[in-house]
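Q: The structure under discussion is supplied below as structure tokens; questions concerning it will follow.
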Number of protein chains: 2
Amino acid sequence: MAKTPKNAADPTRLSDLLRLPQGPVDLGRYDPRATPGFVGGKKQAPAATAALAPRLDDLQERLFAAGRAGTGVDGPPVPSVLVVLQGMDTSGKGGVIRHAIGLVDPQGVQISAFKAPTRAEKRHDFLWRIRRRTPAPGTIGIFDRSHYEDVLIVRVHELVPESEWSARYEQINAFEAELAAAGTTVLKCYLHISADEQRQRLLARLDDPSKYWKYNPGDVDERALWPSYLRAYEDALEQCNTTGAPWHLVPADRKWYRNWAVAALLLEHLEALHLQWPPADFDVETERSRLL
Amino acid sequence: MAKTPKNAADPTRLSDLLRLPQGPVDLGRYDPRATPGFVGGKKQAPAATAALAPRLDDLQERLFAAGRAGTGVDGPPVPSVLVVLQGMDTSGKGGVIRHAIGLVDPQGVQISAFKAPTRAEKRHDFLWRIRRRTPAPGTIGIFDRSHYEDVLIVRVHELVPESEWSARYEQINAFEAELAAAGTTVLKCYLHISADEQRQRLLARLDDPSKYWKYNPGDVDERALWPSYLRAYEDALEQCNTTGAPWHLVPADRKWYRNWAVAALLLEHLEALHLQWPPADFDVETERSRLL
């Protein structure tokens, strides 16, 4: 098991450990079984993840309160957070939502799973359906797949000409910069699994009748395109790794690490907002006497 | 503290204990501090509620799987569940969502909070915005307030003429019957608190700066209309207490009981669906050899 010498007093942020350096990306350099920043192993993980819940809970409520309170016309924008989850089939986007995002009050979270676009969605620009699901002020949006599919599956299957998908990296960067300017923290996580681990997970679905519903024979066809997907991911991770909306590479062969890591990344990004409780917009003593 | 002689072997369902009898409703007859069906007290409640999570999790996933699998053209409709939460201000609709609904995988849950209708919504029939948020097959919808506001606040404040709101009970019954026929289990919970408890909860918000954002001076004005709201609730609970979509009265002065009770009601309603895992729609051995 990969171990890091980090101890509890180490001020290193997980975000710093997992943020992809800018420049060309070679995914072969990253061990999908690594566990950067986690002290201990599988046995410690559930408790470590659960231990994040109270702070996540507090910060999510502050965020939600900020959304309710709003700000003046000239004030700063009300913050929101958008978590973008990408990764090969079985990399665990759903597992992350269940186990990490599930720690947060569901009232403040909006989850969007982007499947193949509908006929109506296809009549619009690729960002149209995405923009409709960006988080409202004070809320946390979760994208299970995202606009990145439009430079991943679309590229691998040549669903649009290269001239079209190759222009999208710039469009995505502009879109994400626009979100950031409007107060949205964009947390992008690439869940990094190995082809071997994917095979094991697909086989496990065939071994358990309660998992048949998750199995799609088409996933095996996609699996044959693994090298093409890897190249498409490397390009997307390189070309859309902006300072305002950087990519984080989350090693995902170990489910327990993956869930802890995304929860910890979310926590760090919420902490960075330095959220305060909104002040009263009424007179406390007047209200107290009205009630008594 | 109210205790019931129920023990673990008692086959009584909480749904039976909390379901409102049909006929005229006198809310004064129900103790908001009662804890029907719960063995023990506040100390036991968090563990008892958490203990429901694994079964809720399993059943929610079966429901979700059924939604993915769908059914044939002539088959039965794919099930879904709609939880309707109603109650006076501070009765704890948000708390229930956080602590009871929060036990369930958020991917299978859609929460809708109905505020005062927007100008666009007002141009439509009162059920228009409600229908847009009914749960998709295989999912659980949560209504934090609902179409019942159209016979509650609307009636108390005379926002439409009596001839209009008085016709809505029938329209609501027809709508809920339509949902049931389409495969939606409608679980309606009235969170029953006392006026004293409401005062305590509003005062608590004034005592804690981290709760100021939840305090709305307008709530005190509404509080003065308590008897009118009570009458409006009694009528709604009586007139819309159908066999297909009955009301449940959840005593809500004790938050720990309220949260446990709604989680337990949801669990019982999921159990009643007798959900099976969908069979494989592919040949398991063929797929295994394709992977190996």
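Q: Could you please rank B:D208, A:D89, A:D144, placing first whichever residue has the fewest other Cβ atoms within 10 Å of its Cβ?
A: Least to most surrounded, the residues fall as B:D208, A:D89, A:D144.
Q: Using 19 Å as the Cα-Cα cut-off, could you pick out the over-long pairs in B:K93/B:K188; B:K214/B:K255; B:K188/B:K211?
A: Pairs exceeding the cut-off: B:K188/B:K211.
Q: Scaled to the compact-protein estimate 2.2 N^0.38 Å, what is the alpha-carbon radius of gyration of segment B:1-138, rounded to two decimal places?
A: 1.29
Q: While we're on this one: If you take all C-alpha pairs in segment B:59-216, what percent of them are over 27 Å apart?
A: In whole percent, the long-distance tail amounts to 34.
Q: How far apart, in nm, are the 7 Å Cα→Cβ label points at A:E178 and B:D89?
A: Once both label points are built, they end up 3.9 nm from each other.
Q: Would you mind ranking B:T35, A:T243, A:T134, B:T286 so that the residue whose beta carbon has the fewest other beta carbons within 10 Å leads the list?
A: A:T243, B:T286, A:T134, B:T35
Q: Can you give the Rg/Rh ratio of the protein assembly as shown, where Rg is from the C-alpha atoms and Rh is the Kirkwood radius?
A: 0.97
Q: I would also like to ask the following. Where Rh denotes the Kirkwood radius from the mean inverse Cα pair distance, what is Rg over Rh for segment B:33-78?
A: 1.27
Q: Are there any trypsin sites (Lys or Arg not before Pro) in segment A:26-130 that are in a DSSP loop and have at most 11 other Cβ atoms within 10 Å? List them by number.
A: A:K43, A:K115, A:R123
Q: Moving on. Which semi-axis lengths, in whole Å and largest first, follow from the square roots of five times the eigenvalues of the Cα gyration tensor of segment A:137-246?
A: In descending order, the three semi-axes are 29, 19, 12 Å.
Q: What's the local net charge at A:W247, with K and R +1, D and E -1, over the other residues with C-beta under 13 Å away?
A: -2
Q: B:Q276 label points, 7 Å along Cα→Cβ, one per copy: pairwise distances from this copy to the rest in nm, shortest first?
A: Ordered by increasing distance: 6.1 nm.
Q: Could you please report the charge total around B:D281, scoring K, R as +1 and D, E as -1 over all other residues with beta-carbon less than 15 angstrom from its beta-carbon? Display every interim value, and only then the final one.
A: Numbers: positive: A:R205, A:K211, A:K214, B:R68; negative: A:D219, B:D283, B:E285, B:E287.
Neighbourhood net charge equals 0.
Q: So, one more: Over the Cα atoms of chain B, compute the convex hull volume and normalise it per residue, giving Å³.
A: Value for chain B: 185 Å³ per residue.
Q: Which value in deg cm²/dmol, rounded to the nearest 500, describes the helix-derived mean residue ellipticity at 222 nm for chain A, given -39,500 (n - 2.57) per DSSP H run of n ≥ 4 and division by the residue count? It would help to have the intermediate numbers written out before the result.
A: On the way: 14 runs with 124 residues, N = 292.
It comes out at -12000 deg cm²/dmol, rounded to the nearest 500.
Q: For chain A, give the magnitude of the charge dipole about the Cα centre (Cβ charges: +1 Lys/Arg, -1 Asp/Glu; no others), in debye to the nearest 20. Walk me through the numbers on the way to the answer.
A: Details: 37 positive and 38 negative charges, 182 e Å.
My answer is approximately 880 debye.
Q: What is segment A:158-198 by shape, rounded, prolate or oblate, if you read a ≥ b ≥ c off the alpha carbon gyration tensor as root eigenvalues and call it rounded for a/c under 1.5, prolate for a/b larger than b/c, and oblate otherwise?
A: Judged from the Cα gyration tensor, segment A:158-198 comes out oblate (a/c at least 1.5, b/c at or above a/b).
Q: Now for a different question. Taking each full run of DSSP H in chain B as one helix, which ones are at least 15 Å long along their axis (Cα atoms) and have mean Kyte-Doolittle hydropathy of at least -1.0?
A: Helices meeting the span and hydropathy rule in chain B are B:53-69, B:168-181, B:226-239, B:255-271.
Q: Sticking with this one: Would you work out which of A:N259, A:A236, A:A136 lies farthest towards the positive end of the dipole of chain A, given +1 charges on the beta-carbon of Lys and Arg and -1 on that of Asp and Glu, about the Cα centre?
A: The Cα lying farthest towards the positive end belongs to A:N259.
Q: Note the full-extension length gain between B:Q171 and B:H124 as 0.36 nm times their separation in residues minus their Cα-Cα distance, in nm to one decimal.
A: 15.5 nm
Q: Next up: With both bridge residues required to lie in the protein assembly as shown, what share of the DSSP beta bridges run antiparallel, to the nearest 5%?
A: 5 percent
Q: Semi-axes of the equivalent ellipsoid for segment A:107-173, please: Cα gyration tensor eigenvalues, times 5, square-rooted, ordered largest first, whole Å. If you can, show how the numbers build up before the last one.
A: Working: eigenvalues 114, 30, 22 Å².
Rounded to whole Å, the semi-axes are 24, 12, 11.
Any read-out appearing in this document is the output of simple, stated calculations on the displayed coordinates, not a laboratory observation. As the structure is a computational prediction, the values presented were derived from the model and not from experiment. Cβ atoms come from the backbone with ideal geometry, glycine included; neighbour counts cover every protein chain shown.
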